[in-house]
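Before any comments, here is the structure.
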Amino acid sequence: MNSYPKTFLKFNKQGNLFFYIVIFFSLLSIVFWSFRELSVLGADFGTYYIEAKYASNDFSLYREIFEHKGPAFLYFLKKIGEIIGWGKYKAIISIIFGNLVFFLPSYYLINKFIKNNIEKILLLLIATCLLIGQDGNSTISFFKEGLLLVSLSRILFFKKNLNNFLITIIFFWLSFFVRVDGIIFFPIILIYFIKNLIFHKNLTKRIFLLLIFTLSPIILFNYFSNFFGFNFNDYWIHNVYFNNWYSGVHVSSTFISKIQHLFFRPKGLLLSTQSLILPYLFYILLIKLGDINKINLKNLILKIKSSGALNFNSLIIIISFLAYLITQSDKNYYVLIFLCPAFLVLIKEFSTKNNNQFVFLPILIFVFALNTSYLMENIKIVMNDLPAKVPYQKTIDYAKNKKLEKLEIIGGQGWTFILSETQPVRSIVDSWIYKPNKPYLTKYLLSQHDKLIKQKSGYLFWIENGLLKYKKGNKYLNELISNSNLIENQDYYSMYKIK
């Protein structure tokens with residue numbers, strides 16, 4: 001018997017209209033959230049955008065472009081840019097499209113597999129809550145998790161056939177080629193592959209499954225490497241070796257500090273709670289376990305077996321949570337590594353229930369109010385507070401007044417080039433050779449350093465002022481400053497010329 005209040009029952013009968021209204025509300029939230037980037041000018045997204053614009057055979061990824069993310073997101077941005085063009089506002093459109101890679105499949109799954117309109121609306125609002133506390137730098141995370149969501153949803157919701165298997169494998173490897181941390185979900189893909197081999201008795205189909213499973217990553221890698229002009233060694237050095245080095249540099253070696261970085265995640269806990277994903281996961285777990293007072297080890301094992309908890313749902317939750325812990329960081333976008341796959345599991349749990357024990361009117365009001373207040377805040381910022389004051393405005397003005405087409409900046413930011421409409425001469429991400437006492441070196445970083453040192457007298461370049469404090473401990477920065485003269489401090493950057 002349906003136990004919804006009468007007002008809920010009336011609302012549910014007319015829920016299709018409200019469902020599409022909430023989708024429009026969610027899309028509106030994404031649009032204004034994306035335009036808010038113009039007040040933030042995030043270092044990460046600006047870098048990805050300008051790298052995508054100039055990535056070519058002459059400006060090769062992992063060579064002239066130093067990057068420790070995979071090629072798939074840059075490829076996406078480049079293709080969008082080739083269609084709509086490049087520029088400040090077009091960069092925001094690229095952010096919107098990047099976010100929709102996660103949100104559109106979410107809308108589709110909610111609409112297709114959730115039967116109750118009230119539950120559909122609740123899940124739409126929970127999905128929209130994921131924007132809160134994030135910024136444009138999180139777009140790559142939404143993009144990667146959206147690809148992963150498409151892959152894993154084929155496992156959770158769809159039948160075993162060659163078409164769904166192909167989609168699962170292709171989108172899994174696409175997510176991996178956005179960020180290598182996606183490989184942690186490979187055990188699920190492997191189990192799914194084995195289950196498909198068992199399910200399909202036909203030898204021809206089994207051969208196709210094997211070919212899809214083994215050749216997909218090779219084909220995708222070859223396509224990206226040919227498009228951007230890099231080889232496997234370049235990819236390995238930047239995506240695997242560097243990330244391993246980077247994690248060691250930023251985490252203290254003491255046991256206490258490691259434990260702190262592993263578990264002390266106040267920002268992640270806040271974002272997980274306010275989205276209601278973590279509370280709902282605990283609530284669902286309590287429902288599955290039943291009366292906690294009667295639970296002992298033996299009963300717990302029986303409960304887990306009988307409830308079907310040891311399935312793909314639980315594997316996704318466990319693996320995504322472990323992936324988040326491994327980051328050892330409380331940065332806002334890292335928590336999406338856990339929350340986005342967990343949201344997929346939440347959709348699955350809602351789809352398998354024929355009762356209404358998951359929906360409460362106060363919760364519905366809470367998430368609607370939370371999203372509404374955040375949307376209004378973003379509208380206010382976009383309408384009243386833009387354009388934002390840019391810390392490197394003097395450098396932008398100089399480049400425009402001198403009609404410079406190119407800038408060489410040590411420790412640059414992508415938005416500097418976007419706003420000044422100039423082209424970078426060197427890799428934007430180059431601080432790893434100029435910042436640490438024991439710098440991270442590649443032959444391409446060394447090559448661009450040596451090329452700058454050997455420029456003719458009077459050659460102009462810029463250094464980000466935050467790097468200057470490292471000149472005593474870093475021999476490459478010290479060498480660069482020793483071979484040049486300071487011309488002008490332009491607030492965010494300082495302008496130098498070669499002696």
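The values are calculated or read from the model by the stated rules, or taken from the named source; none is laboratory data. Worth saying up front: this structure is predicted, and the values here are computed from it rather than measured. Because the Cβ atoms are built from the backbone with ideal geometry, glycine has one as well, and the counts that use them run over all protein chains shown. Accessible surface is based on the protein model in full, side chains and every heavy atom, while ligands, DNA and RNA are left aside. Shrake-Rupley method; radii C 1.70, N 1.55, O 1.52, S 1.80 Å.
For the chain, the share of accessible area belonging to carbon and sulfur comes to 63 percent (1.4 Å probe, ligands and nucleic acids excluded).
Once both axes come from the Cα atoms, what is the angle between helix 361-384 and the longest principal axis of the chain, in degrees from 0 to 90, rounded to 10? Roughly 20 degrees, rounded to the nearest 10.
The ellipsoid that matches the Cα gyration tensor of the chain has semi-axes, each √(5λ) in whole angstrom, of 44, 27, 22, with the longest given first.
Each of residue 158 and residue 54 was given a label point 7 Å from its Cα along the Cα-to-Cβ line. The distance between the two points is 4.0 nm. Rounded, prolate or oblate for the range 431-499? Axes are the square roots of the Cα gyration tensor eigenvalues, ordered a ≥ b ≥ c, and the cut-off for rounded is a/c under 1.5. Note, shape of the range 431-499 comes out oblate. Once you sort the root eigenvalues of the Cα gyration tensor of the range 50-177 as a ≥ b ≥ c, which label holds: rounded (a/c under 1.5), prolate (a/b larger than b/c) or oblate (the other case)? Oblate, since a/c reaches 1.5 and b/c is not below a/b. With contributions of -39500 (n - 2.57) from each DSSP H run of at least four residues, the per-residue ellipticity at 222 nm computed over the chain stands at -20500 deg cm²/dmol. Each part gets one Cα centre, and for the range 448-499 versus the range 129-147 those centres are 35 Å apart.
Solvent-accessible surface of the range 436-479, averaged per residue with a 1.4 angstrom probe and all protein chains in place: 61 square angstrom. How much FRET efficiency would the formula 1/(1 + (r/R0)^6) give for residue 389 and residue 201, where r is the Cβ-Cβ distance and R0 is 45 Å, rounded to 0.05? Between residue 389 and residue 201 the formula returns 0.10. If you average the alpha carbon positions of the range 222-237 and of the range 95-128, how far apart do those two centres end up, in angstrom? If you average the Cα positions of each part, the centres end up 35 Å apart.
Between residue 446 and residue 227, what FRET efficiency comes out of the Förster formula 1/(1 + (r/R0)^6) with R0 = 30 Å and r the beta carbon distance, rounded to 0.05? For R0 = 30 Å, the calculated efficiency reads 0.70.
What the phi angles of the range 51-59 give under the Karplus curve with 6.51, -1.76 and 1.60, with θ = phi - 60°, is a coupling list of 5, 5, 4, 9, 5, 6, 5, 7, 10 Hz, glycine and proline written as x.
A compact globular protein would have a Cα radius of gyration near 2.2 N^0.38 Å; the ratio found for the range 389-473 is 1.12. Centre-to-centre, using Cα atoms only, the range 419-437 and the range 318-378 are separated by 36 Å.
Distant-in-sequence amide contacts of residue 65, defined by a placed amide H-H separation under 5 Å and a gap of 5 or more residues or a different chain, comprise 60.
Couplings 3J(HN,Hα) for the range 472-485, derived from phi with the Karplus relation 6.51 cos²θ - 1.76 cosθ + 1.60 (θ = phi - 60°), are 6, x, 10, 5, 6, 5, 4, 4, 5, 5, 5, 9, 8, 10 Hz, where x marks Gly and Pro.
The trypsin sites (Lys or Arg not before Pro) of the range 176-223 meeting both criteria, a DSSP state outside H, G, I, E and B (loop) and at most 16 other C-beta atoms within 10 angstrom of the site's C-beta, are 201. Taking amide H as placed 1.01 Å from N in the peptide plane, the amide H of residue 407 sits under 5 Å from that of 423, 425, each at least 5 places away or on another chain. Note on residue 365 and residue 459: their simple-model spin labels are 6.7 nm apart, each label 7 Å out from Cα toward Cβ. Do any of 69/160; 115/331; 53/267; 451/471 go past 25 Å between their Cα atoms, and which? Checking Cα-Cα distances, 69/160; 115/331; 53/267 exceed 25 Å. In the full protein context, the range 360-405 carries 67 Å² of accessible surface per residue, based on a 1.4 Å probe and ignoring ligands, DNA and RNA.
The residues of the range 6-138 expose, per residue, 37 Å² of accessible area to a 1.4 Å probe. Taking the DSSP beta bridges with both ends in the chain, the antiparallel portion is around 70 percent.
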